[in-house]
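The values are calculated or read from the model by the stated rules, or taken from the named source; none is laboratory data. Just so it is clear, the structure is predicted and the values come from calculations on it, not from any experiment. Here the Cβ positions follow ideal geometry from the backbone for every residue, glycine too, while neighbour counts run over all protein chains shown. Ligands, DNA and RNA are stripped out before the accessible areas are found, and what is left, the full protein with its side chains, is counted by its heavy atoms. Shrake-Rupley method; radii C 1.70, N 1.55, O 1.52, S 1.80 Å.
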Amino acid sequence: MSDLIDDAPDGLNAPEFSVSEISGAIKRVIEGEFGHVRIRGEVGRVSRPRSGHIYLDLKDDRAVMSGVVWKGVAARLTTLPEEGMEVVATGRVTTFAGQSKYQMVIEDIKPAGVGALMAMLEKRKALLDAEGLFAADRKKKLPYLPEIIGVVTSPSGAVIRDILHRLRDRFPRKVLIWPVAVQGAKCAPEVARAIAGFNALKPGGALPRPDLLIVARGGGSIEDLWGFNEEIVARAAAASEIPLISAVGHETDTTLIDHVADRRAPTPTAAAEMAVPVRLELLAWLEGQGGRLAQGLSGAMSQRGQRLRDLSRALPRAESLVEGPRQRLDTWGDRLPVALERGVARRRVMLSDCAGALQASALRRMLTNERRRLDQLAVRLAPALQRGVTQKADKLASLKLSTRAVEKDISAHKEKVDRAFSRITEAGARQVGDLRTRLEATDRLRETLGYRATLQRGYAVVRGDAGVVTSKAAAEEATGLEIEFADGRLKLGAGKPSRARPLRKPPEQGSLF
């Protein structure tokens, strides 16, 4: 210091320095004295800005010292500092002139012994447990026989060989390996990316999506397994949609991923045994189940066959069941033709009776009488109404009522009379129309049922000396014949056939040809 700040000459003031000069001098002194140091302390405040640097405080029970971990160094750290963690930091002490303080530029930081690591592990475990990541109800069931198994481990270690060998012995399956570092600074981020990468695969894609994941590593110290205690790995395992088996270390080793995984295997070999069943045992079980099924079916068929035979002995013979119905069918079959002929004959007689009652002259006479009666009633209606009006007018005049009231009453009754007369006239016309329609329908029915309609279809009526000829013998004995067609009559022979009136009912079928 003597060459930097000289003693002031007698009688003169001390030399003047700028703030930057003093800060630079202090910086050189401190860095010269503490170029490389290792400091043990508890991590206080920790800040991680977007720049990637880490700012923290190292403290003990009497002092606090600021520290900074530059971005490049932070990426290489195997253990990231957390508040409350006891660490040993290696670096150099320097000053920060912008705030007039000294700080430590940390080049490496490690937990201060196993106790510090365990304390930090318990703190993380409590945090994740409070979030429910260790809850049993969120753990997924492992598939019974996965088609594809994804393994996250180192491709060069004995772990992958043990897993593949065990799978080949028990039940060969397709295996996808995602190579990762299983210790060191790269372990945690690579394992987390591998778990997320397997989950990002699409089912049915070019690279098939695994049905089950195994995260495996061999045994080691707590420092070697520390990558599987990182929070990023535990959260990736908890977020996995694919069921996950954790097989990290030996049976006595426990990491955070073991608590979050759906199943924990004590060793990687045990993880392979959990993943698939034994193929030979499965085949033997299937064969046994098949034998039991065949035996059960055979027994059931025998039982039902015996039951069927027992029931068949209690049933009557099939022939005896159909003998009665068969005999009734024969009886009704013999009676059916006679019944049909009788029914046809009965309906023919009824048709003849109806046709005989339908006479055009009687219908015309009935219509004429109804029309005459209606005309008489219509003629009598107007005088009767007039007389009624006259009588009421006389009666009204005799009563000597008020002219206005009488005129009003007359007008009202006149309207009623007019409406009544209109209704009577309409009813009479409607009744005459109905009678005319019925008469025309009856006449059409008469024409349809008469023998002349039959003549229109190509038949003819033959008449002889005594009337209608109905047989060949009668035709041979007749001196002359008259044949009536639809369009006229034709005379044959010298005789004069009878001009008898047409029969009321149509001629028998034998008289038409």
**Message:** Please go through (1) over 30 Å from V87 (Cα atoms); (2) open to solvent by 50 Å² or more (accessible area, probe 1.4 Å); (3) touching a helix residue (DSSP H, G or I) at 6+ places or on another chain (Cβ under 7 Å) for L212 and return the number of the only condition it doesn't satisfy.
**Reply:** (2)
**Request:** Scan the stretch 262-285 and give yes if some residue there is in contact (Cβ under 8 Å) with a residue 40 or more places away in the chain and in a strand (DSSP E or B), otherwise no.
**Result:** yes
**Fill in**
Taking the stretch 82-110 and keeping only residues that are assigned to a strand (DSSP E or B) and within 20 Å of G184 (Cβ to Cβ), one is left with V87, V88, A89, T90, I106, E107, D108, I109, K110
**Request:** Could you tell me whether E16 is farther than 30 Å from P111 by Cα, open to solvent by 90 Å² or more (accessible area, probe 1.4 Å) and either of a type in the set (S, T, N, Q) or in a loop (DSSP other than H, G, I, E, B) (or both)?
**Result:** yes
**Prompt:** Does P316 satisfy the criteria of being over 30 Å from A216 (Cβ atoms), open to solvent by 40 Å² or more (accessible area, probe 1.4 Å) and in a loop (DSSP other than H, G, I, E, B)?
**Reply:** yes
**Complete:** When (1) more than 20 Å from K59 (Cα to Cα); (2) open to solvent by less than 60 Å² (accessible area, probe 1.4 Å); (3) at pLDDT 85 or above are applied to R124, the one that fails is (3)
**Prompt:** Since V389 meets every condition but one in (1) open to solvent by 70 Å² or more (accessible area, probe 1.4 Å); (2) β-branched (V, I, T); (3) out of contact with any helix residue (DSSP H, G or I) (no Cβ under 8 Å at 6 or more places or on another chain), which condition does it not meet?
**Reply:** (3)
**Item:** Unique residue being among the hydrophobic types (A, V, I, L, M, F, W, C), closer than 30 Å to L225 by Cβ, within 40 Å of the chain's Cα centre (by Cα) and modelled with pLDDT of 85 or more when the list is A270, A300, A261, A294
**Value:** A261
**Item:** Pairs, first hydroxyl-bearing (S, T, Y) in the stretch 71-93, second part of a loop (DSSP other than H, G, I, E, B) and open to solvent by 20 Å² or more (accessible area, probe 1.4 Å), C-beta under 8 Å, six or more apart
**Value:** T78/G184; T78/A185; T78/E223; T90/H36
**Prompt:** What are the residues in the stretch 257-272 that are closer than 17 Å to G219 by Cα and surrounded by 24 or more Cβ atoms within 10 Å (Cβ to Cβ), if any?
**Reply:** I257, P268, A271, A272
**Request:** Would you confirm whether any residue within the stretch 79-87 is surrounded by fewer than 16 Cβ atoms within 10 Å (Cβ to Cβ) and over 18 Å from G227 (Cβ atoms)?
**Result:** yes
**Pairs where the first residue, in the stretch 172-193, is more than 12 Å from T153 (Cβ to Cβ) and among the small types (G, A, S) and the second is open to solvent by 40 Å² or more (accessible area, probe 1.4 Å) and in a helix (DSSP H, G or I), C-beta under 9 Å, 6+ apart** = A188/E231; A188/I232; A192/I232; A192/R235
**Fill in**
The number of residues in the stretch 416-459 that are outside any helix (DSSP H, G or I) and either modelled with pLDDT of 85 or more or closer than 27 Å to N369 by Cβ (or both) is 1
**Request:** Go through the residues of the stretch 237-245 one by one and say whether even a single one is farther than 17 Å from R166 by Cβ, touching a Lys or Arg at 6+ places or on another chain (Cβ under 9 Å) and open to solvent by 40 Å² or more (accessible area, probe 1.4 Å).
**Result:** yes
**Complete set of residues in the stretch 136-161 that are over 13 Å from V180 (Cα atoms) and not in a helix (DSSP H, G or I)** = K139, K140, K141, L142, P143, Y144, L145, P146, E147, I148, I149
**Asked** Just for the stretch 35-74: of the residues that are open to solvent by 80 Å² or more (accessible area, probe 1.4 Å) and among the hydrophobic types (A, V, I, L, M, F, W, C), which one is nearest to the chain's Cα centre (by Cα)?
**Response** W70
**Message:** Taking the condition of being outside any helix (DSSP H, G or I) and either touching a Phe, Trp or Tyr at 6+ places or on another chain (Cβ under 9 Å) or open to solvent by 90 Å² or more (accessible area, probe 1.4 Å) (or both), how many residues in the stretch 396-415 meet it?
**Reply:** 2
**Asked** What number of residues in the stretch 194-251 are outside any loop (DSSP other than H, G, I, E, B) and touching a residue at least 12 places away in the same chain (Cβ under 8 Å)?
**Response** 30
**Asked** Which of the following residues is modelled with pLDDT under 80, open to solvent by less than 50 Å² (accessible area, probe 1.4 Å) and not polar (S, T, N, Q): P502, P497?
**Response** P497
**Asked** So which of R365, R342 ends up being open to solvent by 100 Å² or more (accessible area, probe 1.4 Å), at pLDDT below 85 and within 30 Å of L449 (Cα to Cα)?
**Response** R365
